[in-house]
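The values are calculated or read from the model by the stated rules, or taken from the named source; none is laboratory data. These numbers come from a predicted model, not from an experiment. No Cβ is skipped: glycine too gets one built from the backbone with ideal geometry, and neighbour counts run over all protein chains shown. Just the protein is used for accessible areas: all its heavy atoms, side chains included, with ligands, DNA and RNA removed. Shrake-Rupley method; radii C 1.70, N 1.55, O 1.52, S 1.80 Å.
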Amino acid sequence: MKMKFLVAGATGSIGSKFVQFLHSNGQEVYTLTRNPEKAQKLFPFAIGNFHWKDNWDSVLPQTSAILNLSGASIGKRWTKKYKQEIYESRIVTTREIVGKLNNFTQNSITFFSTSAIGYYPDSGEEIVDEETKAGESFLAKVCVEWENEAYKLKSPHRLVVGRFGVVLKKDDLALQRILLSYRFGFGVVIGTGEQWFSWIHIEDLLNLLYTSITNEKFEGIYNFVSPNPVKFREFIREIGKILNKPFMLSVPDYLIKLAFGEQSQVLLASQRVIPKKLLDIGYQFKYSEIEKALLDIIG
């Protein structure tokens, strides 16, 4: 069935891939971005490219679903100013979309709101699912407020919230940096390497986004992660196997904290997250094992 999607954050790393995914599946797309000129160049097939300041809610009567994939990268250095940008790019955009939807009651629109597994605490070996309580870190607090804004959505609209794990894709900056280290003959293990690493292949993520929008049985919070998280040392080891470069160099925790400050929590936290709600409904991942996922991306 042909639908009209409005994708916010369409020119971002994931947003751009999802817009192309929708187009390849015969769907129609509006984009919502701070750079509609860039969107026009990337997506000449879009039926409309809006700036946040535009009257974009004029297309709500024709829209079946809105996805908010906006959000400043957490990979840049966390200055006080940049932390505010991380916060506002998530909370403010969600607040605006929900406000527009709550003022529109002609028909039901599905709203997909992004979140992240940064919601959860550093939990060591403990298995984490959707029922686990939030952590106390900066990212956890951002995620809590992010989701709280989404949950202000009112009837007749449907809400789906996806807590993303680390998305494995060819153009991922962190993965490119890891691959760069192997040019010197070794992989870099951050800290002890015993921290759990919860990930999802980009193809599974795109399929999940589409499925959760088009299947009305989806509602509420879901962990968008592979069912098989791995320890970071194993992740680096698997890359080394593929590249036939088995040597690894460990960088101690204190050096990571010295170099990255508060941002080091992203690198050192252990979060063994599983997609319990997806497994309970029998969802099948194409890339459930790290070896297969990495072979597809860098093999």
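Which ones in segment 195-252 are acidic (Asp, Glu), open to solvent by 10 Å² or more (accessible area, probe 1.4 Å) and within 19 Å of the chain's Cα centre (by Cα)?
Going residue by residue through segment 195-252, those that are acidic (Asp, Glu) are 203-204, 216, 219, 234, 238.
From what's left, open to solvent by 10 Å² or more (accessible area, probe 1.4 Å): 203, 216, 219, 234, 238.
Correct list: Glu203, Glu219.
Taken as a whole, the structure leaves Phe50 outside the set of residues that are aromatic (Phe, Trp, Tyr) and in a loop (DSSP other than H, G, I, E, B). Tell me which residues, restricted to segment 71-91, are without any contact (Cβ under 8 Å) to a residue 40 or more places away in the chain, surrounded by fewer than 16 Cβ atoms within 10 Å (Cβ to Cβ) and not polar (S, T, N, Q). If the condition is that a residue be without any contact (Cβ under 8 Å) to a residue 40 or more places away in the chain, surrounded by fewer than 16 Cβ atoms within 10 Å (Cβ to Cβ) and not polar (S, T, N, Q), then Lys76, Lys80, Lys81, Tyr82, Glu85, Glu88 are the ones that fit. For segment 134-147, the set of residues classified as within 14 Å of Glu88 (Cα to Cα) and open to solvent by 30 Å² or more (accessible area, probe 1.4 Å) consists of Phe138, Lys141, Val144, Glu145, listed by residue number. Screening Gly135, Gly220, Gly162, Gly193 for residues that are of a type outside the set (Ser, Thr, Tyr), touching a Phe, Trp or Tyr at 6+ places or on another chain (Cβ under 6 Å) and within 29 Å of Leu22 (Cα to Cα) leaves exactly one candidate, Gly162. The conditions of being closer than 19 Å to Ser226 by Cβ and out of contact with any Cys (no Cβ under 7 Å at 6 or more places or on another chain) are met by Val167.
Looking only at segment 230-243, count every residue that is within 13 Å of Ala293 (Cβ to Cβ) and touching a residue at least 60 places away in the same chain (Cβ under 8 Å) and tell me the total. Qualifying residue count for the region: 2. With respect to the conditions (1) closer than 27 Å to Gln20 by Cβ; (2) touching an Asp or Glu at 6+ places or on another chain (Cβ under 7 Å); (3) buried (at least 16 other Cβ atoms within 10 Å of the Cβ), Leu268 falls short on a single one, namely (1). Could you grab the pairs with beta carbons closer than 7 Å, sequence gap of 6+ or different chains, first residue in segment 274-285 and free of Cβ contacts under 8 Å to residues at least 60 places away in the same chain, second one open to solvent by 40 Å² or more (accessible area, probe 1.4 Å)? Final answer for the pair search is none.
Residue-by-condition table, conditions (1) touching a helix residue (DSSP H, G or I) at 6+ places or on another chain (Cβ under 6 Å); (2) buried (at least 20 other Cβ atoms within 10 Å of the Cβ):
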{"site": "Leu6", "(1), (2)": "no, yes"}
{"site": "Gln27", "(1), (2)": "no, no"}
{"site": "Leu32", "(1), (2)": "yes, yes"}
{"site": "Lys38", "(1), (2)": "no, no"}
{"site": "Asn49", "(1), (2)": "yes, yes"}
{"site": "Trp56", "(1), (2)": "no, yes"}
{"site": "Leu69", "(1), (2)": "yes, yes"}
